[in-house]
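S.K.: The structure is given below, and queries will be raised subsequently.
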Amino acid sequence: MVRVLFRRIEEMKTVAKLHGSQLLANKVLVSLFYEPSTRTRLSHEAAMKLLGGHVISTENASEFSSTAKGETLEDTIRVISGYASVIVLRHKEEGAAQRAATISKVPIINAGDGRGEHPTQALTDLYTIYDELKTLDGITIAMVGDLKHGRTIHSLAKLLCHYKAQLILVAPDNLRMPSVIKAVLSRAGIEFEEMTDLLRALTYADIVYMTRIQKERFVDPEEYERSKNTYELRAAMLEMAKPKMAVMHPLPRISEIHRDVDDDPRAAYFRQSENGLYVRMALLAEMLRPNGK
Ligand code: NCD
């Protein structure tokens, strides 16, 4: 299944670079974002436009939609699904996309539900790993930073259960991977090790996946202040890393990757964010293309 998607992603690179397509002409994407976003919203919207479709968008839905008047998410979705072919939803509550999907007449793409999941980012990440390393099997991936609140990490960890990956979970004690996700990994027979030391992980990882400390999820601002600078990857540290490995990050980065890493050929995070466009084009094409096209 993922091979089919990867093939479609490769096709979409060509479509985006050449002339676009009219595959989704007359289809409408509504993006409904209750939390800030740059990459996720704009890449979905660019993807839809490159495939010939239309886009309507509420980027600050808590303030600029009827939510501000007290409308429930359920009512909003019921209404919008009458205007749309697909809804891309980002919401601050875990489970919001699931709730929306039970009501909507059209597909819902979960663009992040609180600290829950971020599945289109996970597909982008999986494709990027493959594109950088040319394999998905037998890889060792270090996930670093705020593993407690990082939804991209939660989705990627679950997705990696389908491959023979080894995980190194690098986090301070207060931001460790939730036990529900670790239980999923154990059930799938995925080996993982938890540690606090980034340098140790760096020596044997094929992928180092850095994450932002998720300020907006902390109840105690002082705890955030204590945690925010736990990890900072610098170019000099990469001397210890394998010559063929990749540094990834879903972005935005704050201080966890120093700018001096950007010039290292192993810095893959901007290639990763570009891949997000092709992945979303492929997903929209698979979901919405007319039969037989
Ligand atoms: C991430 C998110 O929103 O979860 N960003 C993204 O979608 N690429 C990561 C983050 O905000 O730290």
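S.K.: Based on this model, can you work out whether Val170 counts as hydrophobic (A, V, I, L, M, F, W, C), surrounded by fewer than 20 Cβ atoms within 10 Å (Cβ to Cβ) and more than 15 Å from the chain's Cα centre (by Cα)?
M.R.: The answer is no for Val170.
S.K.: Just name the residue that is nearest to Val279 (Cα to Cα) out of those in segment 8-37 that are modelled with pLDDT under 95 and exposed (fewer than 12 other Cβ atoms within 10 Å of the Cβ).
M.R.: Once the filter is applied, the top-ranked residue is Lys17.
S.K.: To continue, here is another question. Which condition number in (1) in a helix (DSSP H, G or I); (2) away from the ligand (no atom under 15 Å from the Cβ); (3) within 22 Å of Tyr278 (Cα to Cα) is the one that Ala157 fails?
M.R.: Failed condition: (2).
S.K.: Report yes if Glu216 is of a type outside the set (A, V, I, L, M) and under 24 Å from Leu169 (Cβ atoms), otherwise no.
M.R.: Judged against the criteria, Glu216 is a match.
S.K.: (1) among the polar types (S, T, N, Q); (2) closer than 18 Å to Ala165 by Cβ; (3) within 16 Å of the ligand (Cβ to nearest atom): which one isn't true of Gln214, the others all being true?
M.R.: Result: Gln214 passes all but (2).
S.K.: Residues that are among the charged types (D, E, K, R), at least 3 per element: which strands (runs of 3 or more DSSP E) completely within segment 187-293 meet that?
M.R.: Those strands (runs of 3 or more DSSP E) span 191-195.
S.K.: Turning to a different aspect of this structure: What pairs come up if the first residue lies in segment 100-125 and is closer than 25 Å to Arg8 by Cα, the second is buried (at least 22 other Cβ atoms within 10 Å of the Cβ) and basic (Lys, Arg), and their beta carbons are under 6 Å apart, counting only those six or more places apart or on different chains?
M.R.: Ala111/Arg90; Gly112/Arg90; Gly112/Arg151; Glu117/Arg151; His118/Arg151
S.K.: Further question on the same structure: Going through segment 99-123 one residue at a time, which ones are more than 16 Å from the ligand (Cβ to nearest atom) and either hydroxyl-bearing (Ser, Thr, Tyr) or under 20 Å from Pro36 (Cα atoms) (or both)?
M.R.: The answer is Ala100, Thr102, Ser104, Ile108.
S.K.: Starting from segment 234-258, take each residue that is without any contact (Cβ under 8 Å) to a residue 24 or more places away in the chain and within 23 Å of Thr124 (Cα to Cα) and list its partners that are within 16 Å of the ligand (Cβ to nearest atom) and not charged (D, E, K, R), counting only C-beta distances under 6 angstrom and pairs at least six apart or across chains.
M.R.: none
S.K.: Scan segment 142-154 for residues that are touching a Phe, Trp or Tyr at 6+ places or on another chain (Cβ under 9 Å), within 16 Å of the ligand (Cβ to nearest atom) and of a type outside the set (S, T, N, Q) and report the count.
M.R.: Residues in segment 142-154 being touching a Phe, Trp or Tyr at 6+ places or on another chain (Cβ under 9 Å), within 16 Å of the ligand (Cβ to nearest atom) and of a type outside the set (S, T, N, Q): 5 in total.
S.K.: Going by the structure shown, is Leu126 closer than 30 Å to Tyr204 by Cα, within 23 Å of the chain's Cα centre (by Cα) and more than 13 Å from the ligand (Cβ to nearest atom)?
M.R.: In short, yes.
S.K.: Before we move on, is Thr140 over 18 Å from the mean Cα position of the chain (by Cα) and under 30 Å from Arg7 (Cβ atoms)?
M.R.: Yes, satisfied.
S.K.: Here's a check for you: in segment 236-254, which residue that is more than 16 Å from the ligand (Cβ to nearest atom) and not aliphatic (A, V, I, L, M) is surrounded by the most Cβ atoms within 10 Å (Cβ to Cβ)?
M.R.: Lys242
S.K.: Which numbered condition trips up Arg234, out of (1) touching a strand residue (DSSP E or B) at 6+ places or on another chain (Cβ under 8 Å); (2) farther than 25 Å from Glu117 by Cα?
M.R.: Only one criterion in (1) touching a strand residue (DSSP E or B) at 6+ places or on another chain (Cβ under 8 Å); (2) farther than 25 Å from Glu117 by Cα is unmet by Arg234, namely (1).
S.K.: If I filter segment 40-81 down to residues being among the acidic types (Asp, Glu) and modelled with pLDDT of 95 or more, which single residue comes out as nearest to the chain's Cα centre (by Cα)?
M.R.: Glu45
S.K.: Of the residues Thr140, Thr152, only one is within 20 Å of Tyr269 (Cα to Cα) and buried (at least 21 other Cβ atoms within 10 Å of the Cβ); which?
M.R.: Matching residue, one of Thr140, Thr152: Thr152.
S.K.: Mind listing just one residue for me: the one in segment 45-83 that is aliphatic (A, V, I, L, M) and over 13 Å from Leu284 (Cα atoms) and, of those, surrounded by the most Cβ atoms within 10 Å (Cβ to Cβ)?
M.R.: Once the filter is applied, the top-ranked residue is Ile77.
The values are calculated or read from the model by the stated rules, or taken from the named source; none is laboratory data. Owing to the predicted nature of the structure, the values given are computational and were not obtained by experimental measurement. Cβ sites come from the backbone with ideal geometry, for glycine too, and all protein chains shown count toward neighbours.
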